[in-house]
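First the structure, then my questions, so here it is.
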Amino acid sequence: MRIIFVTRHLTNGGAEREVAAFANALVQIGQDVCITYRHNIGIDYALDPRVQTFWQYPSRVSIPKLKGLCNIVLYIKQLRSLSGDVLISNNSSLEHNWRIRVSTLFSKTKMVYAIRNNVEQKYPEKRRRRRHERICRLADAIWIQTEEQRKLLPAGVQEKIFEVRNILDRKFLDTRKRYRGEIVHFISAGRLHPQKNQALLIEAFAKMVERTANDKATLTIYGKEKEDISGTEKKLRELIRKYHLEKRVFLAGWVKDIEVRYAQADAFVFGSDYEGMPNALMEAMASGLPCISTDCPTGPSTLITSGENGLLVPVGDIEAMSAAMQYFMENPREAEQMGMAARQRMERWVNPEEIAGQLLFYLEKICHG
């Protein structure tokens, strides 16, 4: 089977990481896989040499009024030329999902719409929600990661939905986490974006430091800002300066060896307002880190049972996040036990070939009716 993943780029993002992970796992079980992307800004994730990549280059037409139309026509033509049995759209752009669907018309190619986020939060405006629902109805199948996502989709498309969870890289379970008997070095990871709400973490950390007068605690945030989002990093740095935390809170950028950083940290904090299935939280739990996460719609509650293998706090609640950080600091043994329980929970998620096999089962079913 020839499987084409369609994505915006292959840098700095959980959804993009999953595209690379599934592509690698599918070629391992003998499938023909190609990844095609719109923005040629580099590839951050290691790909099996058998995975083909294709850049959807823009039109060279220079006339402004024609350039947009030519780009659309060229984009559709490029997708059709790949001759896939299945096109899996990993795009959040509604406009590009329409073009992907058009590229499969009058051909044997099926379109699978992969939903990687909370659609109620992603498309809050009624107009965009209606467009999203139309794409769901036009797609041949809809891929979700959690049962919670199913409840957010229209009743008329339920028979098209299939659930396959994310792939977790074995390297995170192989991380040798050494517990030090104290919790002072907090870590977070994720692209710098309002959705991820790193500002919540900084403000909660500032409150915790003020309340405990702790002089050792640090917070390191890994991740970078995408080109199409402006101002997030600047706002976070302004917040750090506001609370005089320049020597305590660090924006460390994107790193390839995040598993090493997890091994060096004491606890993981996650402040998202909404998610699909948060890869960074999965990876931190697999690394054995005690984790605190907002109980945002879809994702964290699937992974964490609060008080057993981590802590969940209400979305946007600075005081609750701050209190949870303080609890970990004052109760390091209990926190470390939660970290070990989190690691055991994630052991069930590590089998890339098995999960890719589940996806392949559904793709074959879609292609063969």
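Please pick out the residue among Glu163, Glu182 that is outside the structural domain of Val19 (by TED's automatic domain parsing) and either surrounded by fewer than 17 Cβ atoms within 10 Å (Cβ to Cβ) or modelled with pLDDT of 95 or more (or both). Write out each step before concluding.
On the way: Glu163 fails: outside the structural domain of Val19 (by TED's automatic domain parsing).
Just one listed residue meets the conditions, Glu182.
I would also like to ask the following. Among the residues of the range 75-109, write down those that are surrounded by fewer than 18 Cβ atoms within 10 Å (Cβ to Cβ) and either out of contact with any Lys or Arg (no Cβ under 9 Å at 6 or more places or on another chain) or among the acidic types (Asp, Glu) (or both).
Once the filter is applied, which keeps residues that are surrounded by fewer than 18 Cβ atoms within 10 Å (Cβ to Cβ) and either out of contact with any Lys or Arg (no Cβ under 9 Å at 6 or more places or on another chain) or among the acidic types (Asp, Glu) (or both), the range 75-109 yields Lys77, Gln78, Arg80, Ser81, Glu95, Val102, Leu105, Phe106, Lys108.
So Val61 clears everything in (1) among the β-branched types (Val, Ile, Thr); (2) under 23 Å from the mean Cα position of the chain (by Cα); (3) surrounded by fewer than 22 Cβ atoms within 10 Å (Cβ to Cβ) except one condition, right? Which one?
So Val61 meets the others, but not (2).
Just one of the numbered conditions (1) surrounded by fewer than 16 Cβ atoms within 10 Å (Cβ to Cβ); (2) closer than 30 Å to Met208 by Cα is not true of Lys177; which one?
(1)
Turning to a different aspect of this structure: For Leu219, indicate whether it is free of Cβ contacts under 8 Å to residues at least 60 places away in the same chain and either touching a strand residue (DSSP E or B) at 6+ places or on another chain (Cβ under 6 Å) or among the acidic types (Asp, Glu) (or both). Explain how you work it out, then say what you get.
On the way: free of Cβ contacts under 8 Å to residues at least 60 places away in the same chain: yes; either touching a strand residue (DSSP E or B) at 6+ places or on another chain (Cβ under 6 Å) or among the acidic types (Asp, Glu) (or both): yes.
Yes; evaluated as a whole, the condition is true for this residue.
Yes/no matrix, rows are residues, columns are (1) of a type in the set (A, V, I, L, M, F, W, C); (2) outside the structural domain of Tyr113 (by TED's automatic domain parsing); (3) touching a Pro at 6+ places or on another chain (Cβ under 6 Å):
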residue: His9; (1), (2), (3): no, no, no
residue: Arg17; (1), (2), (3): no, no, no
residue: Ala25; (1), (2), (3): yes, no, yes
residue: Val33; (1), (2), (3): yes, no, no
residue: Asn40; (1), (2), (3): no, no, no
residue: Ala46; (1), (2), (3): yes, no, no
residue: Val61; (1), (2), (3): yes, no, no
residue: Pro64; (1), (2), (3): no, no, no
residue: Lys67; (1), (2), (3): no, no, no
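Can you run down the residue pairs with Cβ atoms below 7 Å, 6 or more apart or on separate chains, where the first is in the range 231-242 and within 10 Å of Ile202 (Cβ to Cβ) and the partner is at pLDDT below 95?
Leu236/Leu192
What's the number of the only condition in (1) surrounded by 23 or more Cβ atoms within 10 Å (Cβ to Cβ); (2) closer than 20 Å to Gly190 by Cβ that Met338 fails to meet?
(2)
Considering Ser83, Ser93, which residue is in contact (Cβ under 8 Å) with a residue 24 or more places away in the chain, small (Gly, Ala, Ser) and touching a Ser or Thr at 6+ places or on another chain (Cβ under 9 Å)? Can you show your working first?
On the way: Ser93 fails: touching a Ser or Thr at 6+ places or on another chain (Cβ under 9 Å).
Testing whether each residue is in contact (Cβ under 8 Å) with a residue 24 or more places away in the chain, small (Gly, Ala, Ser) and touching a Ser or Thr at 6+ places or on another chain (Cβ under 9 Å) leaves just Ser83.
The values are calculated or read from the model by the stated rules, or taken from the named source; none is laboratory data. A quick note: this is a predicted structure, and the numbers were derived from the prediction, not measured. All Cβ positions, glycine included, derive from the backbone under ideal geometry; neighbour counts span all protein chains shown.
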